[in-house]
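Q: Here you go, one structure.
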Amino acid sequence: MVRPSCTIEIFILLNDDIHYPFPPRSPEKFSTRPPRATEMSLYTLPIRPTYPIITCRVSPATAPTVASPPIPPSLLPPATSAATVPSLTCALQCPHFESCSGCTHEFNLHRPVIVDEASNFFKGLGVSDFTFDSCRLWGWRCRAKLAVRGSSENPLIGLYQEGTHNVVDIPQCKAHHPNINAAVELLRKGVRELNIEPYDEDQGTGDLRYVQMAVTTHNTALPAVERYRNGRVQVALVWNSRNEKSSNSDKLNALANFLWRNGGSRSKLHLVHSVWANFQTSTNNIIFGNRWRHLLGERDFWEHVGGIDISLDPSSFGQANTRAFDSLLRKLHKYVPFGASVADLYAGAGVIGLSLAATKKCRSVKCIEINKESKPSFEKTVDRLPKSIEGSISWHNADTSIDPLSWLVGSDVIVVDPPRKGLDTTLIDALRTISSHKVKPSLKGSSSIIKEEKRPWVLRERERVKEFSVQVGRETISEDPQSLPETLIYISCGWESFKEDCKSLLNSKSWQLEKAHGFNFFPGTQSIEVLAVFKRSLKKKKTGKKKKKQG
């Protein structure tokens, strides 16, 4: 978003007992994107001292027109109204800010300080037109994982303090979609009325360990401007038992029925989309177990991003900020040629690859993901793609760190969307040396280029790949075994890891950085999402002419 030239009014309420500024903390502590597999840990919160309350807004007399839609009254800070709020307001004003560090700063939400660092970083690499897009500043989080602790009389539903497993209760979180907060309060009421025991980590006792709240705004029965405000919440209860037949299953069913009766489709509130259960008895920090059960409500959870309808099971990775993600996808589409062959690595349910297949009519799209739980979501999303798509679309349950070059062969464009730690070392190495490789057919490639094999381990691997892969449309066409990608699109949620990966790619001389864009996925934090476009450096052909020797 282009920063307007305007008058800024700053109001500061000081407390004599505080010291400001507070030393900055690394944004790595506040991960909003979980690992791809089920080993998902809750992000933690450090204890912070009281801050001055600083409100920053554009003066009404000089406020420019903002491209983003007006902020709904339900999402505005307290003690304000749509009639009195200027076109740009950037103060958090959250009652939990002093005790909860899910947000690291409470003013200038539209442009965190890290944007200037990113702009200078890319300028030093020759990209002077770095852009930064900011969407919704409050109520942006449509997916939240919260710990449940305390007692049945006083349940605590929120986030950990840093270095501890003490939970901070955040019933009025300004980052959460308002309907997540409403669903949390409904859950709190159910826990109290039904005497549900929150999990006790020290004793390993109790029933309810965590809850995941995910909001869908995909309600085509409503006008587009009302869909966000009327989002329905998918509630996933992480239950302290091995399965639905355990001794405490009656309490689980009672809690699910309470949520549905008071918030389901037949209630006046109609807040809850569905209720799911996940069963987990591990004593480590893993949130989800491997066993899921749909209890009540709609089974399929849909969202519309990148020009397509996408399906997300509660076990699948989904972006917390769906509006910002949609903005990123539409920007990404500009850098993929019409009819290209694309490999989508760290693909999850294949949202990026499938949106490209639909909008750019790609001749082939390969989605590679390590978490096999994403396969059902991929299949449901494919069923809603336009029938006009004629290319090859495939999803593969595989680890991109193993023989990564085999996934790059035959593709014009590589898209990588790794977790916060960045790219796997083996993948970085393959990208750095890609121009020097003499590519050979791989076991993971098309069956048409795999030679006949009789070795047992090869046959077993073929069966595994076949079982955990999905092929849509025509079979993958035979690719030129020497064809290598010319474009690499890197989507990053970890700024520090991205900088290291970027420098490594550029130092190899195999890639050149062409474009870079930032997106405000996490307002209130010092984290940004980055979209970077690299072009492969092509070696100049020798002309054959020799210079005459002087002398």
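The values are calculated or read from the model by the stated rules, or taken from the named source; none is laboratory data. Everything quoted here is computed from the prediction, not taken from an experiment. Methodologically, a virtual Cβ is constructed for each residue, glycine included, from the backbone with ideal geometry; neighbour enumeration extends over all protein chains shown. Quick note on the areas: whole protein, heavy atoms, side chains included, nothing else; ligands and nucleic acids left out. Shrake-Rupley method; radii C 1.70, N 1.55, O 1.52, S 1.80 Å.
Q: Would you point out which residue out of His294, His270 is of a type outside the set (A, V, I, L, M, F, W, C) and under 18 Å from Tyr210 (Cα atoms)?
A: Among His294, His270, only His294 is of a type outside the set (A, V, I, L, M, F, W, C) and under 18 Å from Tyr210 (Cα atoms).
Q: Name the one entry in Ser274, Ser282 that is modelled with pLDDT under 95 and either crowded, with 20+ Cβ neighbours inside 10 Å or among the polar types (S, T, N, Q) (or both).
A: One residue alone meets the criteria, Ser282.
Q: Consider Thr65 against the criteria (1) at pLDDT below 90; (2) open to solvent by less than 40 Å² (accessible area, probe 1.4 Å): it satisfies all of them except one. Which criterion is unmet?
A: Here Thr65 meets the rest and fails (2).
Q: Then there's this: Starting from residues that are among the small types (Gly, Ala, Ser) and outside any loop (DSSP other than H, G, I, E, B), keep the ones in segment 265-287 and report whichever is nearest to Asp250 (Cα to Cα).
A: Going through segment 265-287, the residues among the small types (Gly, Ala, Ser) turn out to be 265, 267, 274, 277, 282.
Adding the requirement that they be outside any loop (DSSP other than H, G, I, E, B) leaves 274, 277.
On the way: Ser274: 18, Ala277: 13 Å.
Among those that are among the small types (Gly, Ala, Ser) and outside any loop (DSSP other than H, G, I, E, B), it is Ala277.
Q: Please count how many residues of segment 101-126 are under 20 Å from the mean Cα position of the chain (by Cα) and farther than 17 Å from Lys499 by Cα.
A: Result for segment 101-126: 8.
Q: How many residues does segment 321-357 contain that are of a type in the set (Gly, Ala, Ser), out of contact with any Asp or Glu (no Cβ under 8 Å at 6 or more places or on another chain) and open to solvent by less than 10 Å² (accessible area, probe 1.4 Å)?
A: 3
Q: Yes or no: Thr381 modelled with pLDDT of 90 or more and open to solvent by 20 Å² or more (accessible area, probe 1.4 Å)?
A: Judged against the criteria, Thr381 is not a match.
Q: So which residues in segment 99-121 are of a type in the set (Phe, Trp, Tyr) and touching a Lys or Arg at 6+ places or on another chain (Cβ under 9 Å), if there are any at all? Reasoning before the result, please.
A: Keep residues of segment 99-121 that are of a type in the set (Phe, Trp, Tyr), which gives 107, 121.
Correct list: Phe121 only.
Q: Taking into account only those residues within segment 384-412 that are polar (S, T, N, Q), open to solvent by 10 Å² or more (accessible area, probe 1.4 Å) and over 17 Å from Ile428 (Cα atoms), which is farthest from the chain's Cα centre (by Cα)?
A: Filtering segment 384-412 for residues that are polar (S, T, N, Q), open to solvent by 10 Å² or more (accessible area, probe 1.4 Å) and over 17 Å from Ile428 (Cα atoms), the one farthest from the chain's Cα centre (by Cα) comes out as Ser388.
Q: When segment 243-259 is examined, which residues are found to be more than 17 Å from Tyr210 (Cα to Cα) and open to solvent by 60 Å² or more (accessible area, probe 1.4 Å)?
A: The answer is Lys245, Ser247, Asp250, Asn257.
Q: Might you let me know whether segment 290-297 holds any residue that is more than 13 Å from the chain's Cα centre (by Cα), within 23 Å of Phe519 (Cα to Cα) and of a type outside the set (Asp, Glu)?
A: no
Q: Would you point out the residue of segment 72-87, among those that are farther than 21 Å from Ser527 by Cβ and open to solvent by less than 50 Å² (accessible area, probe 1.4 Å), that is modelled with the highest pLDDT?
A: Pro72
Q: Considering only residues of segment 217-242 that are of a type in the set (D, E, K, R) and over 18 Å from Phe288 (Cα atoms), which is surrounded by the most Cβ atoms within 10 Å (Cβ to Cβ)?
A: Per the criteria, the residue is Arg232.
Q: Right, another one. I'd like the full set of residues that are open to solvent by 10 Å² or more (accessible area, probe 1.4 Å) and not polar (S, T, N, Q), limited to segment 189-209.
A: Lys189, Arg192, Glu193, Leu194, Glu197, Tyr199, Asp200, Glu201, Asp202, Gly204, Gly206, Asp207
Q: Looking at segment 98-118, can you tell me whether even one residue there is modelled with pLDDT of 85 or more, part of a loop (DSSP other than H, G, I, E, B) and at positive phi?
A: Looking through segment 98-118, at least one residue is modelled with pLDDT of 85 or more, part of a loop (DSSP other than H, G, I, E, B) and at positive phi.
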